[in-house]
Each structure stands twice: as C-alpha cells, then as structure tokens.
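Enquirer: The structure's right below; bear with me while I get my questions together.
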Ligand code: 3SL
C-alpha cells in the first residue's frame, strides 16, 4: 500500500485519482457525516453548491430529508441544520437523508468522487478507516485534507497523520510523499492534546468565536465511532 497525504484538494495531482481516497474534514464535515450515519441516517448526499442542494432535495419527501448548510462556520438560512455533529441525534436523523453543503469538506469529497473507493474519515472514526485499509489493502491511497479555502489546516493533517501512524504500526506501507512523514510527526507530537491543538488551529479559533467549544471537544475524540462512510454512488455516502 502506497500512502499519499494532500493537505488540500488544490494540492492533488490534476487529472488523476487513487484506488482509494479518504476525504478528511475533522472540523466538521466528515465528523458530521460519520455521526449522522452512525445515528441511523439513510444516507448523506453532498453538494458543493447550495442552490443545487435546495433544488435536488426539493424532490425528496419532506419528512425523509434534512437539509444541512454551512458557510463561514454558520448555518445557512433556510436549512434545517448547520454543520454541527451534535445536531445529528438519532431522534433527528434516523431514516432520513441528509443533504449537506459545507465550505470545504464537500469540495474535498467532490474532488475525489471519481475514485473507485471514496471514504470519509475524521478522528472519531479513525480506526474504522484504518481497519478498512488493512483488510482491503488498496494499492494507492490518498488521505485528502479539506483545508480552509485552499489553505492548510492543522486538524485535517493531524487526522491524516493519525490514520498513517496506525497503518505504519501494523502494515508495510510506502510513504508516497513527504507530507505523510510530516502528518505522522504532527500526530505523534499532539496525540494526547488534540483539543489543545484545535485551539491553535485557525478554524478551531473561528468555531470558538461562534461558540462551538462543545463541537471542538466532540471532534477531538479519537476512535469513538465504529462507522465508515463509503461512497455508494457519486456524492452519496
Ligand atoms: O469547511 C467545511 O466544510 C466545514 O466543515 C466548516 S465548519 O466546521 O462547518 O465551519
């Protein structure tokens, strides 16, 4: 297995996709997607464009859908939810399809949606992603951070490092680029203080300004959910 870490969708090699792509947006899209599926959502369908989300979800039976929209960290007017994983309780999401559009996470998922296998990972379901890779042994794997509007984000890279570190402990993995070493080093330095790291992260600070400390605490937990969002058709996990 050959691992590559890309900090943002913009840094991926153009016109190519890997055998297996893992999109990561710890704060907060992939944490929310994993939480919604774990709470019994029928599926999660991602859109980078809010207007398309509204149009497409209009065709869905109202009591079987939830619209989640986030821009700049805040809930989009007219949506049922923003992007807080804490809103994805079984009472709210069970049996419903979550139509979601976020600033960066959904763009990362769309960048790799042509890959034969597309997964969504965060710290909360890190071990589920690791186990999938150990069982299936895909040849080329991209760990793709969402970043923030094209820039590096600490929380996505530390999660890529958490996945790469666990894999390197258990299997023979080739490091496809230097970013893998960097991500592992970041994770190993901060693994016991992830919440503190999120306080240093620019998006962590943005969310704190929006009063989202509880979200940060939730997103900083490792291996608490045994759920792995897998793309079943383009844009649907
Ligand atoms: O950028 C994204 O995709 C979001 O996850 C950002 S936020 O955490 O909802 O603000």
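Quick note: the coordinates plus some simple rules give every number you see, no bench work behind them. The model shown is predicted, which means the values in this text are computed figures rather than measured ones. Because the Cβ atoms are built from the backbone with ideal geometry, glycine has one as well, and the counts that use them run over all protein chains shown.
Enquirer: Please give the contour-minus-distance gain from residue 206 to residue 233: 0.36 nm per residue of separation, less the Cα-Cα distance, rounded to one decimal in nm.
Expert: Extending this stretch completely gives an extra 6.4 nm.
Enquirer: Let me ask something additional. What share of Cα pairs, in percent, lie more than 19 angstrom apart in region 182-237?
Expert: Values: 724 of 1540 pairs.
Every Cα pair in region 182-237 considered, those over 19 Å come to 47 percent.
Enquirer: Sequence gap at least 6, Cα distance under 8 Å: using those rules, report the relative contact order of the chain to the nearest whole percent.
Expert: With pairs under 8 Å counted, the relative contact order is 34 percent.
Enquirer: Using only the Cα atoms of region 34-171, build the gyration tensor, take square roots of its eigenvalues as a ≥ b ≥ c, and label the shape rounded, prolate or oblate: rounded if a/c is under 1.5, else prolate if a/b is larger than b/c, else oblate. Mind dumping the intermediate values first?
Expert: Numbers: a/c = 1.97, a/b = 1.63, b/c = 1.21.
Verdict is prolate for region 34-171.
Enquirer: When the Cα centres of region 29-55 and region 208-237 are compared, how far apart do they sit, in Å?
Expert: 11
Enquirer: Across 5 Å bins from the origin, how do the percents of Cα pairs in region 97-179 run, short distances first?
Expert: 3, 12, 24, 25, 21, 9, 4, 1
Enquirer: Follow-up. For region 1-60, how big is the tail of P(r) above 18 Å, as a whole percent of Cα pairs?
Expert: On the way: 977 of 1770 pairs.
More than 18 Å apart: 55 percent of the Cα pairs in region 1-60.
Enquirer: Can you tell me which of 133-141, 56-64, 180-188, 14-22 comes out highest on packing, and rank the rest after it, using the mean Cβ neighbours within 10 Å? Spell out each step's value before the answer.
Expert: On the way: 133-141: 15.7, 56-64: 11.3, 180-188: 19.1, 14-22: 17.6.
Highest to lowest by the protection proxy: 180-188, 14-22, 133-141, 56-64.
Enquirer: Next question. Cα axis of helix 154-170 to longest principal axis of the chain: angle in degrees, 0 to 90, nearest 10?
Expert: 50
Enquirer: Compute the FRET efficiency between residue 137 and residue 15 as 1/(1 + (r/R0)^6), taking r as their Cβ-Cβ distance and R0 = 45 Å, and round to the nearest 0.05.
Expert: Computed FRET efficiency for residue 137 and residue 15: 0.95.
Enquirer: Same structure, new question: Under the 0.36 nm per residue contour assumption, what length would be gained going from the current alpha-carbon distance of residue 55 and residue 214 to full extension? Display every interim value, and only then the final one.
Expert: Values: separation 159, 0.36 × 159 = 57.24 nm, distance 3.20 nm.
That pair, residue 55 and residue 214, stretches by 54.0 nm at full extension.
Enquirer: Note the angle between two axes, namely the Cα long axis of helix 126-136 and the longest principal axis of the Cα atoms of the chain, as a number of degrees from 0 to 90, rounded to the nearest 10.
Expert: 60
Enquirer: Can you give the FRET efficiency to the nearest 0.05 for residue 169 and residue 89, using r as the Cβ-Cβ distance and R₀ = 30 Å?
Expert: Details: r = 34 Å, r/R0 = 1.14.
The calculated FRET efficiency here is 0.30.
Enquirer: Looking only at Cα atoms, what is the convex hull volume of the chain per residue, in Å³?
Expert: Taking the convex hull of the Cα positions in the chain, it is 110 Å³ per residue.
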